[in-house]
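Asker: Mind having a look at this structure? Questions to follow.
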Amino acid sequence: MTNRVPHTVHRFDDELDTLRALVRRMGVIAEEQVDDATRALFGRDTSLANQVLAREPELDALERQIEAQVIRLLALRHPVAADLRLVIAALKVSHGLERVGDYAANAAKRAIVLSNLPMVGSLNGFQRMAQMVTDNLQAAIAAFAGDDVAAADKVWAADAPVDDIYTGIFRELLTHMIEDPRNITAATHLLFVAKNLERIGDHATNIAETVHFAVQGDQLPSDRPKADGSTATVVNPVDE
């Protein structure tokens, strides 16, 4: 964690604090969207899913507000070094959070469809995966808010278990589809939800990478731990 030196122009510090607060607010909403979308899936709660969809424009508006604040700071304050990295990081993080919101909204739409279909398999893997990505997203945003490199690096290294669960879900649902074609519709929607959660996990690690660069001024290794084996999955057809 770093201690930034106050600027001679105190207004500049206030503007940076405002930018950081906007990103934090956007992060909190994104976390709520992911949590509510997955709870809507588990509880077959169409009302909650529709609330997720209704809140999506709020994230888009915050992203635009952050972009405007960044442009203003670049034009008027000409930030350099750590300040410039913070401003650029805020812009990148806001874009990532907007995508998180999109994935949560897509999961909510799938939850509405799935509420009218027979459930396929168990949702235990989804629950574990949702908890992991929500925890990672929350930790990444907290790391940004507090310039906490150690916390950011921990999130960056925590994506492999999410990928493991995703691969397990992929294999299980593929097996259900092969065993009974009537499962295909519901299983396909569940696969999209699982992929949405996996991508949210990726965005959490991307945010962590951005935080590391903003504070330290160097890049984390490009080969972060990954464990998505879905592309190599082979499921043997069930004998008739």
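The values are calculated or read from the model by the stated rules, or taken from the named source; none is laboratory data. Model, not experiment: these values are computed from the prediction. Here the Cβ positions follow ideal geometry from the backbone for every residue, glycine too, while neighbour counts run over all protein chains shown.
Asker: Where the second residue is modelled with pLDDT under 95 and of a type in the set (S, T, N, Q) and the first is within 13 Å of Leu220 (Cα to Cα) and in a helix (DSSP H, G or I) and lies in region 129-157, which pairs have Cβ atoms under 7 Å and are six or more apart or on separate chains?
Answerer: Val149/Gln216
Asker: Hey, among Asp83, Asp14, Asp60, which residue is out of contact with any Asp or Glu (no Cβ under 6 Å at 6 or more places or on another chain), part of a helix (DSSP H, G or I), modelled with pLDDT of 95 or more and over 22 Å from Leu123 (Cα atoms)?
Answerer: The match here is Asp60.
Asker: Turning to a different aspect of this structure: Please determine, by comparing only the residues of region 48-70 that are of a type outside the set (Lys, Arg), free of Cβ contacts under 8 Å to residues at least 40 places away in the same chain and under 15 Å from Val23 (Cα atoms), which one is surrounded by the most Cβ atoms within 10 Å (Cβ to Cβ).
Answerer: Per the criteria, the residue is Glu63.
Asker: Confirm whether Val28 is surrounded by fewer than 15 Cβ atoms within 10 Å (Cβ to Cβ) and modelled with pLDDT under 95.
Answerer: So Val28 does not fit the description; no.
Results for (1) surrounded by fewer than 19 Cβ atoms within 10 Å (Cβ to Cβ); (2) closer than 26 Å to His95 by Cβ; (3) touching a strand residue (DSSP E or B) at 6+ places or on another chain (Cβ under 7 Å), shown as yes or no for each residue.
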site: Tyr166; (1), (2), (3): no, yes, no
site: Phe170; (1), (2), (3): no, no, no
site: Ile178; (1), (2), (3): yes, no, no
site: Thr185; (1), (2), (3): yes, no, no
site: His189; (1), (2), (3): no, no, no
site: Val193; (1), (2), (3): no, yes, no
site: Leu197; (1), (2), (3): no, yes, no
site: His203; (1), (2), (3): no, yes, no
site: Ile207; (1), (2), (3): no, yes, no
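Asker: Next question, about the same structure. Assess whether Lys92 counts as being under 30 Å from Ile178 (Cα atoms) and of a type in the set (Lys, Arg).
Answerer: no
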